[in-house]
Amino acid sequence: MNQALAAEFGLDADEYRRVLDIMGRTPSFAELGIFSVMWSEHCSYKSSRVWLRTLPTQAPWVIHGPGENAGVVAIGEGLAAIFKMESHNHPSFIEPYQGAATGVGGILRDVFTMGARPVANLNALRFGDPANPATRRIVDGVVRGIGGYGNCVGVPTVGGEINFHPAYDGNPLVNAMTVGIAPAGRIFLSAAAGIGNPVVYVGSRTGRDGIHGATMASAEFGADAESKRPTVQVGDPFVEKLLIEACLELMATDAIVAIQDMGAAGLTSSSVEMAGKGGVGIELDLDQVPQRETGMSAYEMMLSESQERMLIVLRPGAEGIARAIFEKWELDFAVIGHLTGTGRIVVRHQGRIEADIPLAPLADQAPLYHRPTAPSPPPRPIGSLPAARLAEDLVRLVACPDLASRAWVWDQYDSTVGGQTVKRPGAADAAIVRVDGHRLALALTTDCTPRYVAADPEAGAAQAVAEAWRNITATGARPLAITDNMNFGNPEKPVVMGQFAGAVAGIARACIALDFPVVSGNVSLYNETAGSPILPTPAIGGLGVLADAAQAVGLAAAPGQDLVLLGGDPSHLGQSLWLREIAGQEAGPPPPVDLAAERRHGDFVRARIAAGGVAACHDVADGGLLVAIGEMLLAGDTGAVLGPAPDAAGFWFGEDQARYVLAVADGAALLAAAQAAGIPARLLGRTGGEGLTLPDGATISLATLRSAHERFFPALMES
Amino acid sequence: MRAGIVVFPGINRERDMAIALERASGRAPRMVWHRETDLQGLDLIVIPGGFSYGDYLRCGAMAAQSPVMESIRAHATRGGHVLGVCNGFQILVESQLLPGALLRNASLRFLSMDCHLRVERADTDFTAHYQRGQVIRAPMAHGDGNYFADDATLDRLEGEGLVAFRYVAPDGSVTAAANRNGSARSIAGILSPNRRILGLMPHPEDLVDPLLGGTDGAPLFEGLAASLAA
Amino acid sequence: MKAVVTVMLKPGVLDPQGKAIGQALAHLGFGDVGEVRAGKVFELELAQTDPVAARNAAESMARKLLANTVIESFKVEIAGAATP
Amino acid sequence: MKAVVTVMLKPGVLDPQGKAIGQALAHLGFGDVGEVRAGKVFELELAQTDPVAARNAAESMARKLLANTVIESFKVEIAGAATP
Ligand SMILES: Nc1ncnc2c1ncn2[C@@H]1O[C@H](COP(=O)(O)OP(=O)(O)O)[C@@H](O)[C@H]1O
Ligand SMILES: [Mg+2]
């Protein structure tokens, strides 16, 4: 046991010295393994913690903010929504199907471990250049994996987002989000309590899966990525489904004191965190752990990342009730230890004490880095631009990878199971899922525009929050809270750390202004291949609530409606897709985010929807105003005639924020109301007919627009 | 109508089905755990959708061997009504209560979208509240819905009028494009010779509420409730 | 003893997976590959020590569960025993 | 020539399918069945007439497409040729 070995475990010299101080002796192999995973970036947040602390996490409706397995907010009628987003980037690069599948499985467990029945899954995906042959294989595996797991467990996948960019070539991002519902008064936490209480293991057996997955997720890929492959975990969604039902059945009794899933770093992190949070000690007898393989060492069992397992502290005497439930569901069940008053974790295996570590210093003396930051270089200035050709540019834009129809993807996800999906993928700016047996509904979305964040981390991250808030608002729902999934490169590089710090500041600013706190999240660093980082990608998962699902508004316009632009004429082309796809430039500053205007415009839209006069609503985002109109028409299968308007590219394709397009029966009335509220508004035109007639008189048939829009994914994937 | 919904491990559309049945009949169905064998008093047994046993091996194969299937077989022999939807249909063909097999979708991909179905006959307890030839919409969500049977079986099904639903275009025409999973003769649902057992792939139970996009599935349950009214 | 049960679709049953794999192989430059059939294989650890008993057990498992004889045929091999 | 490629999960990789099948067999009264592993088999019609060339082709197909070598291993048999 020495420094060299510690280094192989991912502990640097300083960290290893700290281990020696805490232990007062040379640690055993298993002990070193425990330190290494608990102090890995993935588990300890050593590079990000100082920044995450600055996020706003409070609101009257927040029941549990960050620090639990998932965030919990009150949604009314005595209910709580529990949600979180988590990354599975590195595993998805190594084995796209299993990486994505186990990502979904992991986030589901974070949510049902708190007592919630999972009711919706979403995801946020980033892939490399579509022209790169590897991209197709990764897209295929990730989409199949998400569907394969989510469809089988019976949780509808209702939304998500996908971008393509060469910066993700060697490092795709797979962020999965789960939302669950529980009675607000019956939330289960992970802090262990009650000295002597039994510690119980349930779920699948332990194998040698994913050993050192947590440390792998904390290191960038070099050319040796291949050799890291044996750690691949395989998901078993069937067992997960049984685990959900069995845990919820047990949660209906009073048997549970504390419960936590075994996620990254498996038995180690779950036992250390549960005991640590409860201020107690824990003693584990590994001989009792259900095992799939023979001859596993204590080290292997403590670090295994076998999926579909949970750790539960039971009330004394509750073993019988619990065992009966898990046996009914044909899941493994074993009492593997008990709580102690020693404040230490003691691990026994085959008559030997393999680990004996004081828990307080393991947590308190975990490394915490204030890594140096450097500002991002300013974006390239915008060069000379071609004139906009509205019809041609629109057809090209709706066909581009970042705007093309995602139907090929969501057609592989069961979005209706559960019988509560009011707005399926593609039907509204946020998915709408009704709460079983109530009128109440949730509005759910994931958002981030990484090219904005790369150009200006603070503004770009604020934009991501604003867009999530706007997407929820556009359905008529009230935004409540977010979960954030911070995907960045190597934090030891000052520019990357600067991106991270800037993004946190931007999120914080937007959350405060919009009353939209962060209640959970996840950090994924070292997303680099061969030294080149991904675009900074702080993915935001937003949750809102609608008192009556029947009030939800989608984005599909119907014939005979007035189209009204709210929020002011767009003009900002910096970092727009038009600039990239039509002018061939990734340049300029991202659109400024005026959060006061955002809030004013959004509150107005929400009030109009509540008043009942809005038939459809869509925010102006990627691609700008004309793309937003095109999407509303395609979704509603109607054409439109647009009236006189400026012909500048900035007006039709600028990506200014805080703007919405509404389809209403009476445009004049809406204009008057907007004027009264001091909100800029403009009548754009009227829906109807077979095509989109532009102010210059050109008409694009709906069929042309649709075939352009729907071509990309099938062409990429089915060739 | 006293309905029971059979729950195998991995079934996941049992609540959707319960909602649809209760909406139509005003009576909450009984949930039947797969180890139960006493189905006394039930008029209708429903095997809902999902992934029984993870759909490992073959969809429905392991559930078809479950103890409750013997009781379901006895119920069917007594002339009782059985409805199998999606995984339920797969279980019915695996247990040979209905002929044929459900193979992997021709595209080899999971298909989750609305499809259009043509009601091939309206003189059954399942379809009594539809018109013959009516085109209805229903969500589908399956990876293995590609109906297969040998030609003799298919000819018999057609000849005896046991095809209940077919995948069609919105105008009611049978087209290859509308038959997304590649089913033989565009078959989406079939009946037993006594027309008391129906198996179908799409999910009428997920379209019984205007809020969720339509009510095209409701007449199936309302028809059953009317036919089986106690 | 170890038994290996191989399950293939019967001739005449559509094999979309085999077909798709054939096409994918052609795309990958294996232009000369003809028909491809995809099937399943199960390795079973059996308690039986007698090859005949083991074969009987495996065949009965195949008939009851591992194969759907409406569409599939199966073949049983017992490790170490000659194929009959 | 005909090649048969058998693809199995590598030892130690979780086999959810095999596990569920094993449990189902036990419920069916085949109580004495031990571990079950599930795999895939592909029958390929090859243009090659030389067994060595055929084997090389099949192995290359297995590596490129038929097996996911991250979690699976494969075995190639050429009809009529002795297993090496
Ligand atoms: N970017 C973030 N913003 C807010 N909270 C975060 C963020 N990253 C992690 N957290 C919180 O830190 C805690 C630990 O997260 P994580 O390590 O992902 O949990 P798990 O043990 O389930 O993998 C959670 O409560 C999570 O919500
Ligand atoms: Mg957790």
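The values are calculated or read from the model by the stated rules, or taken from the named source; none is laboratory data. These numbers were taken from a predicted model, which means no experiment stands behind them. Cβ atoms come from the backbone with ideal geometry, glycine included; neighbour counts cover every protein chain shown.
What the table shows:
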| read-out | value |
| --- | --- |
| C:Glu72 within 9 Å of another protein chain (Cβ to nearest Cβ) and surrounded by fewer than 17 Cβ atoms within 10 Å (Cβ to Cβ) | no |
| Qualifying positions in segment D:41-65 - within 12 Å of the chain's Cα centre (by Cα) and at the interface with another protein chain (Cβ under 7 Å from one of its Cβ atoms) | D:Val41, D:Phe42, D:Glu43 |
| Meets criteria (away from chain B (no Cβ under 14 Å) and either at pLDDT 85 or above or part of a helix (DSSP H, G or I) (or both)) for A:Ser218 | no |
| Any hit, segment A:41-64, residues being among the acidic types (Asp, Glu) and out of contact with any Phe, Trp or Tyr (no Cβ under 9 Å at 6 or more places or on another chain) | no |
| Index of the failed condition, A:Arg53 passing every other in (1) more than 9 Å from ligand 1 (Cβ to nearest atom); (2) in contact (Cβ under 8 Å) with a residue 24 or more places away in the chain; (3) at negative phi | (2) |
| Test: residue in segment A:125-143 that is within 11 Å of chain B (Cβ to nearest Cβ) and either more than 15 Å from the chain's Cα centre (by Cα) or farther than 19 Å from A:Pro91 by Cβ (or both) | yes |
| Residue list for segment B:39-51, restricted to those being facing chain A (nearest Cβ under 9 Å) and either within 12 Å of the chain's Cα centre (by Cα) or not in a loop (DSSP other than H, G, I, E, B) (or both) | B:Gly49, B:Gly50 |
| Which numbered condition D:Gly29 misses (of (1) surrounded by fewer than 17 Cβ atoms within 10 Å (Cβ to Cβ); (2) of a type outside the set (Phe, Trp, Tyr); (3) at the interface with chain C (Cβ under 7 Å from one of its Cβ atoms)) | (3) |
| Filter result (free of Cβ contacts under 8 Å to residues at least 24 places away in the same chain and touching an Asp or Glu at 6+ places or on another chain (Cβ under 9 Å)) within segment C:39-55 | C:Ala47 |
| Number of positions in segment A:265-307 that are within 27 Å of A:Glu330 (Cβ to Cβ), surrounded by fewer than 24 Cβ atoms within 10 Å (Cβ to Cβ) and either free of Cβ contacts under 8 Å to residues at least 60 places away in the same chain or within 16 Å of ligand 1 (Cβ to nearest atom) (or both) | 2 |
| Single unsatisfied condition, A:Lys46 versus (1) among the charged types (D, E, K, R); (2) touching a residue at least 40 places away in the same chain (Cβ under 8 Å); (3) near ligand 1 (Cβ under 10 Å from one of its atoms) | (3) |
| Single unsatisfied condition, D:Gly31 versus (1) free of Cβ contacts under 8 Å to residues at least 12 places away in the same chain; (2) part of a helix (DSSP H, G or I) | (2) |
| Pairs with Cβ under 8 Å, 6+ apart, first in segment B:170-189 and closer than 9 Å to B:Tyr147 by Cα, second of a type in the set (D, E, K, R) | B:Arg185/B:Glu158; B:Arg185/B:Arg166; B:Ser186/B:Arg166; B:Ile187/B:Arg166; B:Ala188/B:Arg166 |
| Selected residue [within 24 Å of C:Asp15 (Cα to Cα), assigned to a loop (DSSP other than H, G, I, E, B) and within 14 Å of chain A (Cβ to nearest Cβ)] from B:Gly60, B:Gly54 | B:Gly60 |
| Candidates A:Gly103, A:Gly67, A:Gly115, filtered to the one that is small (Gly, Ala, Ser), within 12 Å of ligand 1 (Cβ to nearest atom) and on the phi > 0 side of the Ramachandran plot | A:Gly67 |
| Failed condition for A:Ala124, given (1) under 21 Å from A:Ser524 (Cα atoms); (2) of a type in the set (Gly, Ala, Ser); (3) touching a Pro at 6+ places or on another chain (Cβ under 9 Å) | (3) |
| Residues being touching a Lys or Arg at 6+ places or on another chain (Cβ under 9 Å) and under 19 Å from A:Ser304 (Cα atoms) - total across segment A:27-72 | 3 |
| Answer residue from segment B:13-28, given it is assigned to a loop (DSSP other than H, G, I, E, B) and within 14 Å of another protein chain (Cβ to nearest Cβ) and is surrounded by the most Cβ atoms within 10 Å (Cβ to Cβ) among those | B:Arg13 |
| Exclusive hit being within 35 Å of the chain's Cα centre (by Cα) and more than 30 Å from A:Asn132 (Cβ to Cβ), set A:Asp656, A:Asp622, A:Asp696, A:Asp647 | A:Asp656 |
| Candidates A:Asn123, A:Asn163, A:Asn171 - the one that is in contact (Cβ under 8 Å) with a residue 12 or more places away in the chain, more than 24 Å from B:Leu111 (Cβ to Cβ), part of a strand (DSSP E or B) and in contact with a strand residue (DSSP E or B) (Cβ under 8 Å, 6 or more places away or on another chain) | A:Asn163 |
| Residues within segment A:239-271 that are under 23 Å from the mean Cα position of the chain (by Cα) and either outside any helix (DSSP H, G or I) or within 14 Å of chain B (Cβ to nearest Cβ) (or both), tallied | 11 |
| Checklist (1) in contact (Cβ under 8 Å) with a residue 24 or more places away in the chain; (2) in contact with an Asp or Glu (Cβ under 9 Å, 6 or more places away or on another chain); (3) at the interface with chain D (Cβ under 8 Å from one of its Cβ atoms) applied to C:Met1, failing item | (3) |
| Residue check, A:Gly99 within 13 Å of ligand 2 (Cβ to nearest atom), surrounded by 22 or more Cβ atoms within 10 Å (Cβ to Cβ), within 14 Å of another protein chain (Cβ to nearest Cβ) and not hydrophobic (A, V, I, L, M, F, W, C) | no |
| Criterion: small (Gly, Ala, Ser) and at pLDDT below 95 - qualifying residue of A:Ala621, A:Ala610, A:Ala640, A:Ala616 | A:Ala621 |
| Total residues in segment B:161-213, condition farther than 20 Å from B:Leu103 by Cα, within 14 Å of chain A (Cβ to nearest Cβ), at pLDDT 95 or above and in a loop (DSSP other than H, G, I, E, B) | 3 |
| Lone unmet requirement of (1) within 14 Å of ligand 1 (Cβ to nearest atom); (2) touching a helix residue (DSSP H, G or I) at 6+ places or on another chain (Cβ under 6 Å) for A:Met85 | (2) |
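The rows are residues; the columns are (1) under 17 Å from A:Val239 (Cα atoms); (2) within 16 Å of ligand 2 (Cβ to nearest atom); (3) within 14 Å of another protein chain (Cβ to nearest Cβ); (4) assigned to a helix (DSSP H, G or I).
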position	(1), (2), (3), (4)
A:Glu273	no, yes, no, yes
A:Tyr299	no, no, no, yes
A:Ser306	yes, yes, yes, no
A:Leu311	yes, yes, no, no
A:Phe333	yes, no, no, no
